[in-house]
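The values are calculated or read from the model by the stated rules, or taken from the named source; none is laboratory data. Values in this document were obtained by computation on a predicted structure and should not be read as measured data. Note that each Cβ is placed from the backbone with ideal geometry, even for glycine, and that neighbours are counted across all protein chains shown.
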């Protein structure tokens, strides 16, 4: 019986998340277009498949009267989906339910049913009863009983929804629902912040390192090594005590924990080490399971040990620590269990004690950059390391390297692989390794770790591999930099960081890239290198520096006239010949002896005030310093008279001979006579008693040769 059109949009609809809205638009456009009658939507666990389905139902009933069938495989999912639909559709539709224990309101506009219950009634239900059929957890669709139910109906539109489209039995649900109309994988949901942040630690409680190294050696020598042989060789029996210590340390006494076990026997063994934990598996009565679930959710118990119970339909409530105790070999179940645990707001720590190669590779793929698919065009998305961190122990990293090596089918030669990468149009800027991780999978023959595959067979660098190499020689790079017209002033390293992107072949840190290829300095690299010390001295002479005292100030003012002169030559040439600013400017003073000879040529007086005379006359020779007593302090300086070549008789005896040649009187005041007459011989001091005090002075009569016998 067809229901009349009844639904209105007056009741507001809770806003969809951007990706849900994108999926909604894609599905609804296909429904309205009527060219396609089916679609497959892939949304990772926790990203809200049921919310999307409810929004589509609301839109469906706003324009159509045909009934809607929502098919699931468990009663728990029926109840959870019915609750979600009621919140979106409010009381504007009728909702029915068909399960093994309930058959209520079977003529409702929306009917929720398990596959098994619907299969039992197929003979009484017409194929065109429902205009819109939604199959939740659609990866079950290829199972015989499920497929029979799906193919019985002929709806206007068939929608399959799943978090994991691939089945481990090899059957393809795309044969039923068509290729993915859109796909938002688990990694993408974590990275984009729609699911809980995850710190995923991959552990191996007991790996034989010696056996692993032997397998690595054999593989590189060409011996056939299979994943099966690796599993049977390196993974030793688990050591429960070691695992318990690791888990206890991670719990810290506070984290709400789920322990995923592989069997009831294994679970009971684990409970011996975690006595505070409660079991949670299908052999426990439903009422008791509900009580334990609520106790865990409310924090009355901190740890649950389970066996494949949190796979589909039941969310793990606010778990902070998920522990996979070698629990499942199924990639599908593992992803479902992981996704169910990421619905909270807190960061989730995952400890995965792996026991086979397939699981190690699966977790590695979880940590790789995800790709979302909308329509037929893929779009790469950058991983946010803050939201998704996947770490492997050192032993497992070695194992990953071996597994990558075993993934045959790569391009045989390095150059073939380079040509393939070039077709992917790698960028010139940004982090090429990050780009490569995101895009290499577009060609399965390109190895994920080319540096290990082609090591010794042509590998140079990731830039060379992507044909986005920098200038190979420093000479080529220097020519390219000089085209950018680097300045002579300012900090060249700061200038370079601002402009290097103008030429994509210039590296951001040339001092590192060309370190072993002739690097000297940033100035040399930019063609803005200063003169050598001797070249600079010759260049300064051309600027005609003065002989005055303020040469440092003159240099600061005038060195800009030649840009190859450094602003602080005392620092730049510190270990390259620097003496002084005067020496640097070619305006160095005479040596002490040269200066004495030069002063004599100026004919200094024999008078007393030689210092005043020097200050007045030293400018007549520019190589004479203004303060010779300072310049020549430790270079022969004696006195201004000695410096000017106007020194008194050096010995008392010579002075006495000179005085006696002036014929001193035999009687009278000899001192008065001397003061009147000494200037006739300029080499006689005015105060000989002081000058010769330490050179033998006795008395005036003795000095003048008039000593009485």
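Points to keep in mind about this one:
- Test: residue 263 is under 23 Å from residue 358 (Cβ atoms) and exposed (fewer than 15 other Cβ atoms within 10 Å of the Cβ): yes
- In the range 681-700, the count of residues that are assigned to a helix (DSSP H, G or I) and either over 22 Å from residue 641 (Cβ atoms) or touching a strand residue (DSSP E or B) at 6+ places or on another chain (Cβ under 6 Å) (or both) is one or more.
- Checking each residue in the range 116-131 for being touching a residue at least 24 places away in the same chain (Cβ under 8 Å) and surrounded by fewer than 22 Cβ atoms within 10 Å (Cβ to Cβ) picks out 116, 119, 122, 125, 127, 128, 129, 131.
- Among the candidates 492, 424, 484, the residue that is touching a helix residue (DSSP H, G or I) at 6+ places or on another chain (Cβ under 6 Å) and buried (at least 17 other Cβ atoms within 10 Å of the Cβ) is uniquely 492.
- Any hit, the range 169-176, residues being in a helix (DSSP H, G or I), in contact with a strand residue (DSSP E or B) (Cβ under 6 Å, 6 or more places away or on another chain) and in contact (Cβ under 8 Å) with a residue 24 or more places away in the chain: no
- Pick from the range 593-617, criterion part of a helix (DSSP H, G or I) and in contact with a helix residue (DSSP H, G or I) (Cβ under 8 Å, 6 or more places away or on another chain), ranking: farthest from residue 641 (Cα to Cα): 595
- Scope the range 37-51; condition farther than 20 Å from residue 108 by Cα and not in a strand (DSSP E or B); matching residues: 37, 44, 45, 46, 47, 48, 49
- Residue that is farthest from residue 155 (Cα to Cα), among those in the range 188-208 that are touching a helix residue (DSSP H, G or I) at 6+ places or on another chain (Cβ under 6 Å) and touching a residue at least 60 places away in the same chain (Cβ under 8 Å): 207
- Between 96, 141, the distinction of being touching a helix residue (DSSP H, G or I) at 6+ places or on another chain (Cβ under 7 Å) and free of Cβ contacts under 8 Å to residues at least 40 places away in the same chain belongs to 141 only.
- Any chance residue 653 is modelled with pLDDT of 85 or more and closer than 18 Å to residue 593 by Cα: no
- Number of residues in the range 657-680 that are in a loop (DSSP other than H, G, I, E, B) and closer than 23 Å to residue 605 by Cβ: the value is 2.
- Extreme residue, nearest to residue 361 (Cα to Cα), among residues of the range 216-230 that are modelled with pLDDT of 80 or more and touching a helix residue (DSSP H, G or I) at 6+ places or on another chain (Cβ under 6 Å): 227
- Check on residue 217, surrounded by 15 or more Cβ atoms within 10 Å (Cβ to Cβ) and under 30 Å from residue 457 (Cα atoms): no
- Tally, over the range 425-454, of residues that are modelled with pLDDT under 80 and on the phi > 0 side of the Ramachandran plot: 1
- Checking each residue in the range 73-97 for being assigned to a loop (DSSP other than H, G, I, E, B) and over 18 Å from residue 340 (Cβ atoms) picks out 90, 91, 92, 93, 94.
- Being assigned to a strand (DSSP E or B) and within 48 Å of the chain's Cα centre (by Cα) holds for only one residue in 112, 70, and it is 70.
- Residue check, residue 271 modelled with pLDDT of 85 or more and within 34 Å of the chain's Cα centre (by Cα): no
- Filter pass, residue 172 being farther than 18 Å from residue 55 by Cα, surrounded by fewer than 23 Cβ atoms within 10 Å (Cβ to Cβ) and over 51 Å from the mean Cα position of the chain (by Cα): no
- Of the residues screened, residue 641 is not one that is in a loop (DSSP other than H, G, I, E, B), surrounded by 12 or more Cβ atoms within 10 Å (Cβ to Cβ) and more than 60 Å from the chain's Cα centre (by Cα).
- In summary, residue 383 fulfils each of the numbered conditions (1) at pLDDT 65 or above; (2) in contact with a helix residue (DSSP H, G or I) (Cβ under 8 Å, 6 or more places away or on another chain); (3) surrounded by fewer than 23 Cβ atoms within 10 Å (Cβ to Cβ); (4) on the phi < 0 side of the Ramachandran plot with the single exception of condition (1).
- Against the criterion of being surrounded by 13 or more Cβ atoms within 10 Å (Cβ to Cβ), under 30 Å from residue 230 (Cα atoms) and at pLDDT 85 or above, residue 465 does not qualify.
- Hey, residue 133 assigned to a strand (DSSP E or B) and outside the structural domain of residue 29 (by TED's automatic domain parsing) or not: no
- Residue count for the range 250-279, restricted to those that are farther than 16 Å from residue 203 by Cβ and assigned to a helix (DSSP H, G or I): 7.
- Candidates 630, 616, 568, filtered to the one that is farther than 30 Å from residue 705 by Cα, within 50 Å of the chain's Cα centre (by Cα) and outside the structural domain of residue 700 (by TED's automatic domain parsing): 568
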